[in-house]
Every structure is written in structure tokens, then in C-alpha cells.
1. Need pairs with beta-carbon distance below 6 Å; first residue touching a residue at least 40 places away in the same chain (Cβ under 8 Å) and within 20 Å of Asp125 (Cα to Cα) and within the stretch 172-187, second open to solvent by less than 10 Å² (accessible area, probe 1.4 Å) and small (Gly, Ala, Ser); sequence gap 6+ or separate chains.
2. Among the strands (runs of 3 or more DSSP E) lying completely within the stretch 242-336, list those that include at least 2 residues that are more than 13 Å from Leu3 (Cβ to Cβ).
3. Of all residues in the stretch 349-359, count the ones that are touching a Gly at 6+ places or on another chain (Cβ under 9 Å) and over 11 Å from Ala390 (Cα atoms).
4. Name every residue in the stretch 361-392 that is closer than 25 Å to Gly332 by Cβ and acidic (Asp, Glu), in order of residue number.
5. Within the stretch 193-202, does at least one residue satisfy the condition of being buried (at least 20 other Cβ atoms within 10 Å of the Cβ), under 23 Å from Leu43 (Cβ atoms) and in contact (Cβ under 8 Å) with a residue 12 or more places away in the chain?
6. Looking for whichever is under 14 Å from the mean Cα position of the chain (by Cα), at pLDDT 95 or above and open to solvent by 50 Å² or more (accessible area, probe 1.4 Å) here; the options are Arg63, Arg77, Arg51. Which one fits?
7. Condition test on Arg370, is it modelled with pLDDT of 95 or more, of a type outside the set (Ser, Thr, Tyr) and closer than 27 Å to Glu20 by Cα?
8. Can you report the number of residues in the stretch 356-393 which are part of a strand (DSSP E or B), touching a residue at least 40 places away in the same chain (Cβ under 8 Å) and surrounded by fewer than 18 Cβ atoms within 10 Å (Cβ to Cβ)?
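The values are calculated or read from the model by the stated rules, or taken from the named source; none is laboratory data. These figures come from a predicted structure and were not determined experimentally. Virtual Cβ from ideal backbone geometry, glycine too; neighbours counted across all protein chains shown. Surface areas here come from the heavy atoms of the whole protein model, side chains and all, with no ligands, DNA or RNA. Shrake-Rupley method; radii C 1.70, N 1.55, O 1.52, S 1.80 Å.
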Amino acid sequence: MRLDNRAARRLFLHRHRLAEAPEGAAQGAALEEVIAGLGFVQLDSINTVARAHDLILFARRPRYRPEALWRLVEGRRLFEHWTHDAAVIPMGFYPAWALKRRRDAARLAERYRVWQRHEFQTEFDRVLAMIRDRGPVCSRDLGPDTPRKAGGWWGWHPAKTALEYLWRSGTLEICHRSGFRKFYDLSERVVPEALRAADWGAARTIDWLMRGALDRLGFATAGELADFWDIVTRQEAGDWCAAALARGDIVEIAVEGADGSERVHFAAPDVLAAAEAAPRPPGRLRVLSPFDPALRDRKRAERLFGFHYRIEVFVPEAKRRYGYYVFPLLEGDRLVGRIDMKADRKADVLAITALWPEAGVRFGATRIARLEAELTRMTRLAGVSRLAFADGWLRHG
């Protein structure tokens with residue numbers, strides 16, 4: 001079997017909720033359904049225009065506003081843990097993270113001991129007693145924000161490390177955030193008892209995670225399936241694919257890349273019909289977060305769309321090719337450019353510094369009008385009221 005590039009892009013975007021019209025309700029059950037469809041939404045603190053999680057949801061539901069996400073967290077409809085990074089995840093998925101919590105408990109205990117010896121473990125009883133007595137706490141409630149000695153990972157003091165360990169291993173949960181600061185509470189006060197008590201075991205968990213990853217990616221290599229949730233190991237993913245292939249649960253299919261080359265992937269047996277049925281993505285221009293799930297795997301995005309993207313936050317300014325935090329632009333089933341912009345909230349403007357079209361893409365009057373319409377829609381999310389374009393903002397090459 002073979003999936004041509006155009007069909008592969010349509011299916012991929014459909015599974016990432018980018019092939020449907022960007023409209024509809026964006027709070028409560030409707031928003032929860034979008035997040036469940038994606039599997040999770042990555043959290044990130046950088047707020048040049050809006051935070052990554054807000055941009056991810058806004059790209060799919062422009063009525064979205066940040067408070068709607070945190071209402072779901074505080075309403076115990078979502079929990080926070082790690083995939084490849086910090087993320088909000090549907091509460092119903094909580095049993096699948098038992099494997100992650102067990103593995104994190106062992107891995108982080110050793111990692112933190114190397115860093116802080118046993119200092120963080122001596123804080124466990126104090127941290128838990130404070131939370132039992134006082135309710136949710138943040139790291140600032142436990143002591144100074146600086147470590148007892150210079151240096152250290154993120155400047156964490158032992159009590160902060162204890163908080164993170166107890167959360168990652170399952171004793172605590174993040175119950176809400178305030179100004180993006182995390183507040184922790186006892187798991188039994190946050191997660192329903194039935195979900196905490198559920199014991200799926202490793203085999204069932206791996207099967208659930210692998211099937212869920214394949215459903216959301218449409219087609220994938222074993223490594224891409226392992227990386228999706230970042231819970232299953234590469235070895236476990238390879239073993240699962242071999243067994244599922246032998247059972248006929250999955251098939252091998254050649255997927256055409258943007259450059260015409262082909263690579264063998266795993267997919268559900270009905271992948272060709274699913275690709276054929278996938279809707280054509282709307283032509284509206286949309287700004288994507290650098291952490292959008294459709295772009296998280298940079299190599300996959302480059303194979304599918306011919307779009308080379310690297311975030312330059314950690315690149316010295318003089319060495320940046322584009323900018324500190326540049327946003328990809330999606331139009332239909334193509335990534336057509338990238339834009340450097342920032343919300344200047346004191347000046348009340350969304351300041352557009354530069355836009356670089358992709359090779360072969362022309363930003364004429366019609367496309368620029370669509371871009372301005374999308375950026376105008378984004379101003380409310382960014383907390384400003386108007387656009388400001390720098391001289392020479394439309395670049396070439």
C-alpha cells in the first residue's frame with residue numbers, strides 16, 4: 001500500500017484537528033473534547049503573543065479564551081503531568097499514567113539524589129504535613145526560591161524538588177495555577193478514587209498508549225509512536241508493532257514525503273479509506289504555536305510538509321536566522337511561511353517584525369488580507385487592540 005503526500009498531509013492534519021473549520025464552542029465539554037482528540041496539550045510559559053497551550057487551542061477554536069482551560073483543570077476534568085513535556089491531559093486518561101508515575105519515581109529519585117544528595121527526600125514529611133493541614137501550596141510557601149548553595153538545576157531548593165518529585169510520582173497533583181505558578185494538593189483530593197485505584201498493568205497500558213498514538217498520528221514509525229506520549233520505550237514500541245502486525249491489527253504502508261521519497265510506516269488497515277474520507281483543510285491562514293502537536297516532531301513535519309523549523313529561543317541573537325520565537329503559518333494543507341511578532345501590551349499593539357514566505361509562496365494582496373484578518377482575531381487573545389507592521393516586514397528568502 002502507498003499513501004501519496006497530499007493524502008498523508010490531509011489525514012495528518014485531520015487527526016490533529018486542523019482540517020475542520022476553525023469554529024465552534026471553546027469551553028466546557030466542547031473544549032475538553034478537542035483536548036481529548038489531541039491527546040494532550042503542551043504547556044509553556046513563553047508569552048510573546050500568548051502561551052503555547054492557548055495558541056494551540058485558539059488555532060482550532062478561535063472563540064477560546066485561557067480561563068476556559070483552567071476551569072477544566074480546577075473542575076477536575078483535566079490533570080497535569082508530563083508527556084515529552086509538561087501538559088494538560090484528560091482526567092479519564094489518568095490510569096494510563098500510572099506506568100509513567102512508577103518509572104518517574106525510580107528515575108527521578110536517582111537523578112535528584114545525584115543533584116541534591118538526599119536533601120530533597122528529607123523534605124517529604126514536612127511538605128505533605130503542610131499540604132494536609134493548609135491545603136494546596138506552591139513552592140514559594142515552602143521556603144526561599146533560591147537554593148542553599150549557588151547553582152543547581154533551575155535554582156530549585158530541596159523543598160521545591162520534593163514537591164516536583166511527589167507530583168511526578170503520584171502522591172501529589174497540580175490542582176490549579178495562579179499566574180502560571182503551580183499549586184499542589186494531595187492526589188486523593190484531586191483525582192477520583194476509581195481512577196487512582198485503577199490498575200491496568202504494563203501490557204494493557206502500552207497497548208492503550210500505542211493505539212492512541214497511532215489513531216492520532218494516522219501513520220507512524222515505531223519510534224514516532226513511542227515518542228508521542230513519551231511513556232512507552234522504543235523497545236516496547238517495536239515489540240508492540242511486531243505483535244500487532246502479526247495479528248493483522250496494523251499494516252505497513254509507504255508514505256510519500258514532500259520531496260517524493262517514501263518511508264514505510266505502520267497504520268490501521270483502513271488507512272487508505274481514512275485518508276480518502278479526510279476533509280480538505282480550510283484555506284484560512286492560521287498561526288501555529290512552535291509547540292503545536294502538528295509540529296512537535298520537527299523531522300516528521302519536514303518530511304510531510306517540506307517545512308524546516310527550529311525554535312531559536314536558545315540561539316544567541318546574532319546567530320538567529322529568523323527570530324526569538326517565530327510562528328509557523330498554516331494555509332490549507334501547506335505551511336506557507338513563518339512570522340516574527342510580539343504583543344507589546346504597554347503600547348496596546350501586536351507588533352509584526354517580519355514574515356518570511358516559504359519558497360514558491362507569494363504573499364500578494366489577497367493572502368496579506370487573510371493574514372491581517374487572522375492577526376486581528378488574535379489581538380484579543382494577545383491582550384492588545386491593534387496591529388503594527390514594521391517597515392520592510394515582508395521578507396523574501
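1. Glu173/Ser187
2. 285-287, 326-331
3. Adding up the residues that qualify gives 4.
4. Once the filter is applied, which keeps residues that are closer than 25 Å to Gly332 by Cβ and acidic (Asp, Glu), the stretch 361-392 yields Glu372, Glu374.
5. No, that holds for no residue.
6. Arg51
7. Criteria met by Arg370.
8. Residues that pass the stated criteria total 1.
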